[in-house]
Each structure stands twice: as C-alpha cells, then as structure tokens.
1. Between B:THR95, B:THR18, B:THR137, where does the largest GNM mean-square fluctuation fall for chain B, given springs only between Cα atoms within less than 10 Å?
2. Do the sum for the protein assembly as shown: with -39,500 (n - 2.57) for every DSSP H run of n ≥ 4, divided by all residues, what is the mean residue ellipticity at 222 nm, to the nearest 500 deg cm²/dmol?
3. Once the principal axes of the Cα atoms of the protein assembly as shown are found, what is the range along each, listed largest first in whole angstroms?
4. Project the alpha carbons of the stretch A:1-53 onto their principal axes and report the range along each, largest first, in whole Å.
5. List the residues whose amide H sits under 5 Å from the amide H of B:ALA286, counting only those 5 or more places along or on another chain, with H placed 1.01 Å from N in the peptide plane.
6. If you average the C-alpha positions of the stretch A:8-60 and of the stretch B:155-204 separately, how far apart do those two centres end up, in angstrom?
7. What size of dipole, in debye to the nearest 20, comes out for the stretch B:5-184 about its Cα centre when the only charges are +1 on Lys and Arg C-beta atoms and -1 on Asp and Glu C-beta atoms?
8. Quick one: plug the Kirkwood hydrodynamic radius of the stretch B:200-321 (C-alpha pairs) into Stokes-Einstein at 25 °C, 0.890 mPa s, and report D in µm²/s.
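Please treat every number below as a calculation from the coordinates, not as lab data. A quick note: this is a predicted structure, and the numbers were derived from the prediction, not measured. Neighbour counts are summed over all protein chains in view; Cβ atoms, including those assigned to glycine, are modelled from backbone coordinates with ideal geometry.
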Amino acid sequence: MNIVVCVKQIPDPAAPQSLDASHNLDRSGKLILDEADTYGVEMALQLVDKAGTGEVTVVSMGSATDVAGLRNALAMGAAKAVIVSDESLRGTDALGTAKVLAAVIGRISPDLVLCATESSDGYTGTTPVQVAELLGLPSITFAKSVAVDGTTVKVDRQTESGYDEVTAPLPALVTVTAGVVEPRYASFKGIMAAKSKPLEVLSVADLGLASETGVAGARQTITDVVASEARAAGEKHVDDGDGAEKIVAFLESIKVL
Amino acid sequence: MTVATIWVVVEPSNGSLTTTSLELLSHARTLSAAVAAITWGENGAQVASVAGEYGATTLYDVGALNGSLPGVPVASAIAALVAAHGAPDAILVPTSYDGRDIAGRLSARLDRPVLTNVTGLSDEGGLVTEHPVFGGTQTVKARFTGDGPGIVVVRAKSFVAEPSGGVGAAVVAAPVGDLGSEAGAMITKSHVEERTGPKLEEAAVVVSGGRGLGEADKYALIEEAAKLLHGAAGASRAIVDAGWVPYSHQVGQTGKTVKPTVYIACGISGATQHMVGMKGSKNIVAINKDPDAPIFQIADFGVVGDVHKVLPALIAALKARG
C-alpha cells in the first residue's frame with residue numbers, strides 16, 4: 001500500500017498576511033506545514049500501518065529554501081518527500097499546480113492519493129480533483145472516515161444533510177476533512193530520523209511542463225485589490241454578572257426577542 | 001467584449017433546486033440574456049419549471065446518475081455540451097460538496113481555469129470576479145484571460161434569489177458519454193442526520209461556539225441556546241478540527257457563509273478564517289474572556305466575560321421568558 005499525500009508549506013496563518021506587489025501572497029517569511037495537511041499525513045500513516053506494507057510519500061510544490069514543513073511530515077513518519085520548486089512557478093494557478101502535482105504523482109504511481117479539502121492560505125479547493133482528473137483517477141472528496149478493503153477505498157463523505165458511504169476502486173484520490181484522525185506529534189526519534197530521509201527537489205524542466213505553469217500559464221489575472229467595507233465595533237460590556245441580561249436587552253432592541 | 005452566454009450548474013435538492021443555485025440563476029440573468037442551466041437527477045421536468053422561473057431559458061438535463069458521485073459524469077456531460085454548442089463565456093457553479101467536484105473535474109477536462117470563493121460578479125467589458133481575502137478585510141478582483149469558458153465557483157449568499165416570472169425552461173438531454181477509470185466513485189448508502197430547527201445557512205439566529213468552550217461536552221450549551229432562539233448551532237474551525245462537532249456546523253472560509261439577523265459568537269476569538277463566513281450578519285454579539293479578541297472589532301454588542309458563566313445565564317434568562 002503506497003500512499004502519496006499532497007502537502008503545502010504555507011505562511012503561518014496566525015501571523016499577519018499580505019499580498020506582494022504582483023498580488024501574490026507574500027511567502028517571504030517562515031513557512032510551516034499546513035495544519036490541514038497533517039490529517040492526510042496521519043491518515044496515510046495509519047492506512048499503511050494497517051496494510052502492513054508500503055510507504056508514505058509527501059509531494060509538494062513551492063519554495064524549497066525552507067523545508068521545515070516537509071521535514072515535519074517526515075518526522076511524523078512519511079518515508080520520503082518530493083518538492084517541485086522553481087522560480088518560474090510563481091503565480092501558478094490551481095490547474096497549473098494540479099499539472100505539476102499530477103506529473104510527480106504519475107511517476108510514483110501510488111495506490112492512493114490523499115489531500116486536504118483545501119489549503120489554509122489559498123482556499124481554492126479544486127486542486128485535488130483536478131489532479132484526479134489529470135491522472136484518470138476516481139476521487140472522493142470531504143471524507144470524514146477512510147478505510148481500505150483489498151482494492152477498494154471506503155469513505156464516509158460529508159453531505160449537506162449527513163453523510164454518504166462511498167466506495168471507489170484503487171488507485172483513487174481522497175480528500176480528508178479536518179478531524180478525520182488525530183494527527184500525531186513528531187517524536188524526538190522521528191525528528192532525528194527525518195534529517196536523513198530522502199527529500200528530492202525537482203524543477204519544472206525535470207517535469208517538462210514549462211509553458212503551463214507560472215503567471216504565463218495562469219490564464220487569470222488579478223486586476224485590483226480593494227479594502228472591503230469595514231464593520232465598526234459597537235458597544236463592549238465587561239461582564240459583572242449582568243452580561244446575559246445585557247445580551248437579552250440587545251436582542252430585544254433588534255427585535256429578535 | 002461583453003458577456004453573451006452564461007451557463008449555470010444548478011444542484012437538485014428534494015425535487016427542486018438548492019438556494020445557492022437560485023441565487024446564481026438570478027444573478028446570471030442580470031449579466032446575460034441567454035442563461036442556460038445544467039442539472040442532474042430524476043426530477044428534470046420539475047426542475048425545469050423552477051429554473052425557468054429564475055431565468056433559465058434552457059435546462060440541460062444529465063439525468064439519473066445511478067449512484068455515481070456527480071463530479072465526473074456531470075463534468076463529462078458539460079464538456080460534451082461545450083463541444084456540441086460552443087463555449088459559453090462563463091460557467092457558474094455553486095460552492096458545495098458536489099459543485100466543487102464538478103468545477104475541478106471540468107477545469108481539468110476542458111483545460112480551462114477556475115476561480116473559486118467568488119462573492120461578486122460583474123460585466124466590465126468581460127466578467128470580473130470578486131474574492132474576499134484576509135478574513136474579508138480586502139477584496140481581490142480578478143478576470144480570466146484567454147479563451148472561455150471561465151469556470152466560476154460562487155459562495156452561498158453572494159446574490160439574492162429572485163424569481164423572474166419566466167416560463168419553464170426547455171429541457172434538452174445532456175448525455176454523459178463514455179467514462180474511463182475516473183468514474184468509479186459510487187454512493188452505496190446515504191445517512192440523513194436528524195436536524196431540529198432551521199438550516200444553518202437559512203436561520204435568522206445563529207449561535208456559534210469556539211475553542212473558548214473548553215471541552216466538547218460544553219457544545220450542548222450552544223445547541224440549547226440556539227434552540228431557545230429558534231436558531232441554528234454553528235462552530236469555529238478550531239472545534240471542528242478537534243472533532244467536537246461535525247464539519248457541517250462549520251462557519252467560515254472553510255465551511256458555510258451565514259448572514260443571519262443576529263450571530264452570537266461564544267468563545268470564538270475571531271480568526272480571519274472564521275470572520276469571512278459571518279461578517280455579513282446583520283448584528284453580531286460576542287462573548288469572550290479576552291478583551292482584545294479580534295471578534296470584538298466587528299461585534300455590535302460584546303460581552304467581555306467567561307462564556308461558562310454568561311452562556312448558562314443567557315439560557316436561564318431565555319427559559320424564564322418561556
């Protein structure tokens with residue numbers, strides 16, 4: 001059971017964020033492993049463990065000057081990491097990103113590909129399914145549980161009114177929601193072991209995709225960035241045992257009560 | 001270049017269409033005189049009258065999917081329509097579990113770009129999309145370059161659903177065509193979770209809980225307060241990630257957009273990821289022990305206090321009113 005987990009290193013969401021002069025997210029600061037991706041890494045480790053054979057490879061695209069996020073995934077237990085890093089990839093859109101990831105995953109030919117439902121910085125949320133389409137794989141998105149039974153993946157998929165039991169033959173791609181499993185913390189032993197695990201850095205030329213990525217391949221452009229209508233703060237009351245009463249009065253004033 | 005034709009993917013729901021689908025149809029007809037809708041499922045004829053009422057002149061019906069997840073067959077049928085009828089200027093898709101699957105599949109299949117999290121759409125010599133970023137404090141405007149169709153995935157509540165008084169849309173069959181190995185995802189069983197009270201996106205009152213509740217069991221207080229106010233219970237991403245409540249309760253960038261008459265945030269600090277999903281609420285009430293929590297910057301009425309004291313007191317006060 002070989003599993004690829006797509007992961008992204010992102011600027012710390014807790015830190016202030018901004019767009020640079022070319023309207024790309026400023027990624028010059030410290031990068032961390034997107035927390036949304038830790039669920040996929042954990043899920044993959046558990047599935048491989050259960051299968052008793054195989055390994056987890058994490059695949060990423062982005063700057064390779066800081067790979068602490070990838071090392072974190074390796075410290076959790078992934079066997080190796082591959083990152084496609086190239087200055088020409090700046091400004092690549094979701095479909096271009098999917099082409100890059102699909103090219104890498106196609107070389108590995110895993111049984112299962114796991115992704116988060118969306119990244120915590122760009123929130124596009126279409127890249128995993130685009131990857132599946134490019135690779136000719138079935139996909140099941142928004143998994144709240146994942147199990148593998150022989151050559152079939154079985155997923156409980158979130159719906160508007162509850163959940164569906166969905167199956168697909170392997171190889172397949174599944175996106176997991178947060179909370180699907182509890183991600184482990186890397187152990188000291190894991191952190192030490194991660195330092196010597198293989199971390200391959202590929203260029204766009206290595207994949208033969210140059211014209212389809214970067215700003216030129218994006219086919220969409222940001223024309224403007226404007227401040228949204230601000231919402232002003234209203235009254236702030238320090239609770240002195242009367243907080244609930246004040247809320248009731250406020251709800252009355254807006255005719256909810 | 002102005003916008004000539006728009007196709008809207010409309011999602012079936014209980015014999016009709018989802019509210020977001022109706023919002024998209026309503027807005028599409030302000031941009032184009034030639035709006036076609038695309039749907040699937042067993043109720044094509046019923047859906048045609050609803051789609052027509054909201055502005056579609058044609059309904060392309062993919063028909064029954066026989067248990068398949070919609071993403072692959074619907075995208076395949078749309079790709080075949082593009083090949084047969086030529087590309088529209090844009091294809092609008094609702095932000096939903098299946099909508100995002102369809103948009104992603106279609107984008108890769110047609111090799112056309114997709115723009116997601118769209119909350120505004122106008123014709124400025126071609127379509128211009130609006131996307132809230134950084135918790136909705138800034139809006140990015142974007143447009144497609146190159147050949148259409150651009151695929152636009154629109155968030156719920158971005159537009160108002162208004163009937164046009166139009167007659168039923170003409171139904172045209174949209175065959176799926178031959179599918180390959182990508183079409184293997186099948187629904188084997190559906191589970192409907194019992195829900196009392198209004199839907200989260202449609203409730204006039206939303207009471208939401210966050211990490212400040214301290215532990216999973218305390219979410220029952222949120223549900224109780226919501227029930228007493230005839231509202232719905234929401235949640236921040238933090239407690240959904242922690243597994244306290246299902247993803248379907250999540251309000252925010254990841255999750256649902258809500259615009260109730262009043263939104264009551266309990267123990268939610270106000271991460272940008274959360275704010276973008278609720279800052280359109282008419283009134284916002286916040287309870288948080290940290291006086292500097294960002295949520296207070298957008299709250300109409302804030303109580304700086306312990307949610308474990310204020311919330312039970314609020315519940316008692318609501319009960320006392322009967």
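1. Result for chain B, Cα springs under 10 Å: B:THR137 fluctuates most.
2. Values: 16 runs with 163 residues, N = 579.
The helix-only estimate for the protein assembly as shown comes to -8500 deg cm²/dmol at 222 nm.
3. 68, 66, 49
4. 49, 20, 13
5. Under 5 Å from the amide H of B:ALA286 lie the amide H atoms of B:ALA265, B:PHE301, B:GLY302, B:VAL303, each far enough along the sequence or on another chain.
6. 31 Å
7. Working: 9 positive and 16 negative charges, 60 e Å.
Value, rounded to 20: 280 debye.
8. On the way: Rh = 13.7 Å.
This corresponds to a translational diffusion coefficient of 179 µm²/s.
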